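The values are calculated or read from the model by the stated rules, or taken from the named source; none is laboratory data. In this text, all values refer to a predicted model and were calculated from it rather than measured experimentally. Neighbour counts are summed over all protein chains in view; Cβ atoms, including those assigned to glycine, are modelled from backbone coordinates with ideal geometry.
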Amino acid sequence: MSASDRSLVVEDVALTYGRGEAATLALRGVSLVARPGEVLLIRGPSGSGKTTLLQLMGALKTPDRGRVTICGAPTSGLSQKQLQAIRLSRIGFVFQFFNLFPTLTAWENVALPLDLVGRDRRAGERRARQLLDDLGLAHRADHRPGQLSGGQRQRVAVARALAHDPLIILADEPTAALDGASGQTVVETLRGLAHREGRIVVLVSHDQRLADKADREITVEDGRIVTEHAKPSTKLSGEIA
Ligand SMILES: Nc1ncnc2c1ncn2[C@@H]1O[C@H](COP(=O)(O)OP(=O)(O)OP(=O)(O)O)[C@@H](O)[C@H]1O
Ligand SMILES: [Mg+2]
């Protein structure tokens, strides 16, 4: 695989919600590359287009203009089924508002992507419980989302994003509801996925703890990238360069 085959490439994408007087131009020509082994942080004011950009990067939406290429595969012109196949094989999402299924327990929520790819249920349960344990939630694995705190739900959402071992992790405010030790656990988990395991990690966040750990930072305003800068190396020895 060449480097570009393992990258997530966004070229001049634009996306408008609605039509006519109600039309909102959410993105107006955004280009970026997210590379394996790096934590890319996207910042910007509320309504600037960050979630929309993440949804395009994760093949949840396709752009009106421009191209998104995920590990060498363009998302344009694909059916919903083909887009879902890309998501299931490559992408882990942490949604801004968690999107957990209220009737399923924590571990069942985490195992859901594994069900979708046809993984054996017992193996799925083991993996789900292990991920919850890694995130400090072993004791909540059999609870439903309604019985969990906001921060616990957020960690279940992070565990679910990692369940099917995706190369690309896209996380929308993954620590917003977290403080103290659990926030730190999520920060270190995401950072390790990039630096130790060579995955692509893209975060939308206002959290200074995450900003400090990102390798590169992009600021979006009004549907455009206004600044982009690499940060001084945050990597520790032993991590992938
Ligand atoms: N489904 C939708 N239908 C219509 N307009 C939308 C929709 N989703 C988002 N928008 C609009 O598109 C613009 C970008 O929204 P987006 O959710 O990408 O912003 P954001 O940067 O993630 O904001 P926040 O920080 O508040 O989460 C906003 O003006 C928003 O109101
Ligand atoms: Mg958002």
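Would you please name the residue that is surrounded by the most Cβ atoms within 10 Å (Cβ to Cβ), looking only at residues in segment 90-115 that are without any contact (Cβ under 8 Å) to a residue 40 or more places away in the chain and in a helix (DSSP H, G or I)? The qualifying residue surrounded by the most Cβ atoms within 10 Å (Cβ to Cβ) is 107.
Conditions tested, residue by residue: (1) out of contact with any His (no Cβ under 6 Å at 6 or more places or on another chain); (2) more than 16 Å from ligand 2 (Cβ to nearest atom); (3) not aliphatic (A, V, I, L, M).
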{"site": "30", "(1), (2), (3)": "yes, no, no"}
{"site": "41", "(1), (2), (3)": "yes, no, no"}
{"site": "48", "(1), (2), (3)": "yes, no, yes"}
{"site": "53", "(1), (2), (3)": "yes, no, no"}
{"site": "56", "(1), (2), (3)": "yes, no, no"}
{"site": "60", "(1), (2), (3)": "yes, no, no"}
{"site": "63", "(1), (2), (3)": "yes, yes, yes"}
{"site": "68", "(1), (2), (3)": "yes, yes, no"}
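Considering 39, 33, the condition of being more than 13 Å from ligand 1 (Cβ to nearest atom), closer than 21 Å to residue 205 by Cβ and without any contact (Cβ under 8 Å) to a residue 60 or more places away in the chain is satisfied by 33 alone. Of the residues examined, residue 224 is one that is farther than 21 Å from residue 93 by Cα and touching a strand residue (DSSP E or B) at 6+ places or on another chain (Cβ under 9 Å).
Checked against the criterion of being in contact with a strand residue (DSSP E or B) (Cβ under 8 Å, 6 or more places away or on another chain), away from ligand 2 (no atom under 15 Å from the Cβ) and of a type in the set (A, V, I, L, M), the candidates 83, 8 yield just one match: 8. When restricted to residues that are touching a helix residue (DSSP H, G or I) at 6+ places or on another chain (Cβ under 6 Å), modelled with pLDDT of 95 or more and either farther than 22 Å from residue 55 by Cβ or of a type in the set (Lys, Arg) (or both), segment 178-220 contains 1.
Yes/no matrix, rows are residues, columns are (1) within 16 Å of ligand 2 (Cβ to nearest atom); (2) surrounded by fewer than 23 Cβ atoms within 10 Å (Cβ to Cβ); (3) more than 19 Å from residue 34 (Cβ to Cβ):
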position: 166; (1), (2), (3): no, yes, no
position: 170; (1), (2), (3): yes, no, no
position: 174; (1), (2), (3): yes, no, no
position: 180; (1), (2), (3): no, yes, yes
position: 183; (1), (2), (3): no, yes, yes
position: 187; (1), (2), (3): no, yes, no
position: 191; (1), (2), (3): no, yes, no
position: 199; (1), (2), (3): no, no, no
position: 202; (1), (2), (3): yes, no, no
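Hey, could you check segment 53-69 for residues that are in contact with a helix residue (DSSP H, G or I) (Cβ under 6 Å, 6 or more places away or on another chain) and among the aliphatic types (A, V, I, L, M) and say which is surrounded by the most Cβ atoms within 10 Å (Cβ to Cβ)? Only one residue tops the list, namely 59.
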